[in-house]
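Notes follow once the structure below has been shown.
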Amino acid sequence: MSYQDEVFAQRERLLLDTALELFLQRGWESVTVAEVAAAAGIGKGTVYKHFPTKDAIYARLALEFSRRCLARYRAISDVGSPLVAMRAVIRLAFDLMAQSPVEVQLCLHCERPEFLDRLGSDIQSEFRQLDAEYTEMFHQFLDAAVSHGELKIASVETVYWGIEAGFQGVMSRVAAGGFGPRSHTTTLPTYFDYVADFMIAGLVGAPAVGSVPHIQDEQQ
């Protein structure tokens, strides 16, 4: 890496770290590019050499968080049987999200189709690649569970989206800041345990998937 490239990379890192710190302090929607530049001690025009819009900053932080999490999941993906390993990954995912609620909020924001449409093709490609890696990891868990006799399903696709829905629900809960005044019956870690156990129990009951007629089927 040339000296100029190293300086560029260091400045970009500074901008991202500064933006995240401001987002943590004041909320990511209210912070402006000018404020990020001022806090980093960098001219506003220079910021645009790294990030053409604030959306690009959001996207970069969301991608970095998701990649860090994926690396952690892969590091524990071979503990115990496939379902035990999957449960460990799911539970770790919930803990990592709870530790980084702002990044979770950004990830949810970046999943919106209208947001992705505003990004450049390079960043869109990065999101698609990351989604493919997550999908592959969980399909591998499910395939292995079938091979080990832990699950009996015709296709992992029949249960994959239930897993995805569970993750989305927990992400929304974390992004919202927990339970609020509506519930005093459980803590967030206990809630994570409940959801992780429910997701695995749903997988074990996977043979029932497809046996219950859809509402539209009953109406025909």
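Which one of 110, 62, 172 is farthest out on the positive end of the charge dipole of the range 58-209, using unit charges on Cβ (Lys, Arg +1; Asp, Glu -1) and the Cα centre as origin?
Going by the charge dipole, the pick is 172.
Taking the simple approach of a point 7 Å from Cα along Cα-to-Cβ for both residue 168 and residue 35, what is their distance in nm?
Distance between the two pseudo-spin positions: 3.1 nm.
Once amide H atoms are placed 1.01 Å from N in the peptide plane, what residues at a sequence separation of 5 or more from residue 120, or on another chain, have their amide H within under 5 Å of its amide H?
none
From the phi angles alone, apply the Karplus equation (6.51, -1.76, 1.60; θ = phi - 60°) to the range 147-159 and give each ³J(HN,Hα) in whole Hz, x where the residue is Gly or Pro.
4, 7, x, 7, 10, 10, 9, 6, 8, 5, 4, 5, 10
What spacing in nm lies between the two simple spin-label points modelled at residue 24 and residue 5, each 7 Å away from Cα in the Cβ direction?
Result for the modelled spin labels: 3.0 nm.
Based on the mean of other Cβ atoms within 10 Å per residue, sort peptides 104-117, 122-135 so the most packed one is first.
Highest-to-lowest ranking by the protection proxy: 104-117, 122-135.
From the phi angles alone, apply the Karplus equation (6.51, -1.76, 1.60; θ = phi - 60°) to the range 5-20 and give each ³J(HN,Hα) in whole Hz, x where the residue is Gly or Pro.
5, 5, 4, 4, 5, 5, 5, 5, 4, 4, 5, 5, 5, 5, 4, 4
Given that compact globular proteins tend to follow 2.2 N^0.38 Å, what is the ratio of the alpha-carbon Rg of the range 77-209 to that value?
1.14
A short reminder: the numbers here are calculations on the coordinates, not readings from a lab. Predicted model only: the values in this text are computed from it and were never measured. A quick note on method: Cβ atoms are made from the backbone with ideal geometry, for glycine too, and the neighbour counts reach across all protein chains shown.
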